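Student: Take this structure, written in structure tokens, and hold onto it; I'll ask about it next.
The values are calculated or read from the model by the stated rules, or taken from the named source; none is laboratory data. A quick note: this is a predicted structure, and the numbers were derived from the prediction, not measured. Cβ atoms come from the backbone with ideal geometry, glycine included; neighbour counts cover every protein chain shown.
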């Protein structure tokens, strides 16, 4: 067969299904399918048509703008070598234009189901570790998360659970609705037996949003949400030692913060956010440049009397403020922060003809922004590939649904 006659689009879509399936369970698989998609995309050629298609997407133009401005910030960064190394992680976003120019509508549901299938496998392993039926990498029932850190996995679980809840509202077949209800209960239980407080808080907030956007009678929706939320929390607090312990830790951290003592995970984050806000005020418009955030850290930590609260190792040239908004405000100033927010605004303004996809878009944006309040999501591998998959999928679905 002539290499030019190969149906590369088909193989890109099949690789995308493999990518979605690998996301929760295999970093190596995720990377392999990313490279495969990009390779097939390059082999398919027709770059002029692809470029013309890409430049019509506001989302992609804004994402490229953020990356280009980040490169530009190297000019005023005090640690240019680190800044170049830092920028390498943005390669994960290369699959977004691949998805946008290649996704076939008939594969959309398969991609979402592949992600849910990968999550299901990860949950089986999690339950096996929790009930001590499986021994995996010296993990224990108190830390049963198998394939990634518990903070990111809790967000994955939160997203999967809310996708399933969204599907329950739009599935008419009794067999499939029953399946989604059972899987929703399994996934939600998984969320509350691990230590991921971030995903648990996101879930509690987003279950209100999910039900409110799906139920027309808002009073009934509010009552149903409160009943479901308090029921889940009560069961989780009384039956899950990990959730019980985590909830008590958060309450203790908040109590300490009220008394100006910034200990514990949450307390340290508040201290870092305060330091970051002060660094930002001296570099308002274009920031410190990538790698420059470390330069004034000690000064403000001492000035604010936070030094003895922050027990963390600062990487050479990099300080993680555990908040994407503060991170970009410090690194890239108002300009970078504006572009970052505009990326999500462009997602929020996508037009969908199918309400299920419209609701999925709202859920994904909200979940990712909430996670971005506690993590630098555009620097960590697992949030980046999750963003690449769903952002690429959503902008593609919107394009496909509005083609005439």
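Student: Is it the case, given these coordinates, that residue 242 is assigned to a helix (DSSP H, G or I) and modelled with pLDDT under 85? Give the derivation first.
Tutor: On the way: assigned to a helix (DSSP H, G or I): yes; modelled with pLDDT under 85: yes.
When the stated conditions are applied, residue 242 passes them.
Student: Further, regarding this structure: Considering region 91-115 alone, what residues qualify as being in a loop (DSSP other than H, G, I, E, B) and either out of contact with any helix residue (DSSP H, G or I) (no Cβ under 8 Å at 6 or more places or on another chain) or surrounded by fewer than 20 Cβ atoms within 10 Å (Cβ to Cβ) (or both)? Outline the logic, then answer.
Tutor: Within region 91-115, the subset in a loop (DSSP other than H, G, I, E, B) is 103-104.
Within region 91-115, 104 is the sole residue that qualifies.
Student: Now a separate question. Mind checking which residues of region 266-296 are out of contact with any helix residue (DSSP H, G or I) (no Cβ under 7 Å at 6 or more places or on another chain) and within 30 Å of residue 251 (Cα to Cα)?
Tutor: Matches in region 266-296: 269, 272, 274.
Student: When you scan region 19-56, how many residues do you find that are buried (at least 21 other Cβ atoms within 10 Å of the Cβ) and under 30 Å from residue 123 (Cα atoms)?
Tutor: Pass one, region 19-56, residues buried (at least 21 other Cβ atoms within 10 Å of the Cβ): 19-24, 30, 33-34, 37, 40-41.
Now narrow it down to the ones that are under 30 Å from residue 123 (Cα atoms): 19-24, 30, 33-34, 37.
The qualifying residues number 10.
Student: Kindly indicate which of 277, 303, 234 is surrounded by fewer than 20 Cβ atoms within 10 Å (Cβ to Cβ), out of contact with any strand residue (DSSP E or B) (no Cβ under 6 Å at 6 or more places or on another chain) and under 30 Å from residue 161 (Cα atoms).
Tutor: Values: 277 fails: under 30 Å from residue 161 (Cα atoms); 303 fails: under 30 Å from residue 161 (Cα atoms).
That would be 234, the only listed residue that is surrounded by fewer than 20 Cβ atoms within 10 Å (Cβ to Cβ), out of contact with any strand residue (DSSP E or B) (no Cβ under 6 Å at 6 or more places or on another chain) and under 30 Å from residue 161 (Cα atoms).
Student: Name the residue that is nearest to residue 194 (Cα to Cα), counting only residues in region 259-279 that are assigned to a helix (DSSP H, G or I) and modelled with pLDDT under 80. Before you say what the answer is, go through the steps one by one.
Tutor: Step one: of region 259-279, the residues assigned to a helix (DSSP H, G or I) are 264-279.
Subsequent filtering for residues that are modelled with pLDDT under 80 retains 264-265.
Values: 264: 18, 265: 16 Å.
The selected residue is 265.
Student: Also: For region 121-150, enumerate the residues that are more than 19 Å from the chain's Cα centre (by Cα) and within 14 Å of residue 195 (Cα to Cα). Show your work before the answer.
Tutor: Pass one, region 121-150, residues more than 19 Å from the chain's Cα centre (by Cα): 121, 124-144.
Within region 121-150, 126, 127, 129, 130, 139, 140, 141, 142, 143, 144 meet the criteria.
Student: Something else now. So which pairs qualify, if the first residue must be in region 131-150 and free of Cβ contacts under 8 Å to residues at least 12 places away in the same chain and at positive phi, the second must be assigned to a loop (DSSP other than H, G, I, E, B) and surrounded by 15 or more Cβ atoms within 10 Å (Cβ to Cβ), the Cβ gap must be under 9 Å, and the two must be at least 6 apart or on different chains?
Tutor: 137/146
Student: Same structure, new question: In region 255-290, how many are without any contact (Cβ under 8 Å) to a residue 24 or more places away in the chain, at negative phi and over 25 Å from the mean Cα position of the chain (by Cα)?
Tutor: Within region 255-290, residues that are without any contact (Cβ under 8 Å) to a residue 24 or more places away in the chain, at negative phi and over 25 Å from the mean Cα position of the chain (by Cα) number 7.
Student: Within region 390-402, identify whether any single residue is more than 30 Å from residue 283 (Cβ to Cβ), out of contact with any helix residue (DSSP H, G or I) (no Cβ under 9 Å at 6 or more places or on another chain) and surrounded by fewer than 18 Cβ atoms within 10 Å (Cβ to Cβ), and answer yes or no. First the steps, then the outcome.
Tutor: Let us first name the residues in region 390-402 that are more than 30 Å from residue 283 (Cβ to Cβ), namely 390, 392-402.
From what's left, out of contact with any helix residue (DSSP H, G or I) (no Cβ under 9 Å at 6 or more places or on another chain): 402.
Retained after the next criterion (residues that are surrounded by fewer than 18 Cβ atoms within 10 Å (Cβ to Cβ)): 402.
Looking for residues that are more than 30 Å from residue 283 (Cβ to Cβ), out of contact with any helix residue (DSSP H, G or I) (no Cβ under 9 Å at 6 or more places or on another chain) and surrounded by fewer than 18 Cβ atoms within 10 Å (Cβ to Cβ), one finds at least one in region 390-402, hence yes.
Student: For region 1-39, what are the residues that are farther than 28 Å from residue 148 by Cα and assigned to a helix (DSSP H, G or I)? First the steps, then the outcome.
Tutor: Quick first cut of region 1-39, residues farther than 28 Å from residue 148 by Cα only: 1-10.
The answer is 3, 4, 5, 8, 9, 10.
Student: Give region 128-152 a look and list any residue that's under 23 Å from residue 383 (Cα atoms) and either in a helix (DSSP H, G or I) or at pLDDT 95 or above (or both), or say none.
Tutor: Selection gives 150, 151, 152.
Student: Sticking with this structure for a sec: Restricting the search to region 50-69, which residues are modelled with pLDDT under 95, out of contact with any helix residue (DSSP H, G or I) (no Cβ under 8 Å at 6 or more places or on another chain) and in a helix (DSSP H, G or I)?
Tutor: Residues satisfying the conditions are 51, 52.
Student: Out of all the residues in region 118-135, which are over 9 Å from residue 190 (Cβ atoms) and out of contact with any helix residue (DSSP H, G or I) (no Cβ under 6 Å at 6 or more places or on another chain)?
Tutor: Hits for region 118-135 are 120, 121, 124, 125, 128, 129, 131, 132, 133, 135.
Student: Is there a residue in region 70-89 that is closer than 30 Å to residue 142 by Cβ and modelled with pLDDT of 95 or more? Please lay out each step first, then the result.
Tutor: As a first pass, look at region 70-89 and keep what is closer than 30 Å to residue 142 by Cβ: none.
Taking every residue of region 70-89 in turn, none turns out to be closer than 30 Å to residue 142 by Cβ and modelled with pLDDT of 95 or more.
Student: If residue 188 meets every condition in (1) in a loop (DSSP other than H, G, I, E, B); (2) surrounded by 21 or more Cβ atoms within 10 Å (Cβ to Cβ) apart from one, which number is that one?
Tutor: Status for residue 188: all satisfied but (1).
Student: Might you check whether a residue that is in a helix (DSSP H, G or I) and under 30 Å from residue 402 (Cα atoms) occurs anywhere in region 75-90?
Tutor: The initial filter retains those residues of region 75-90 that are in a helix (DSSP H, G or I), namely 75-76, 80-90.
Pick out the ones that are also under 30 Å from residue 402 (Cα atoms) and you get 90.
Yes, because at least one residue in region 75-90 is in a helix (DSSP H, G or I) and under 30 Å from residue 402 (Cα atoms).
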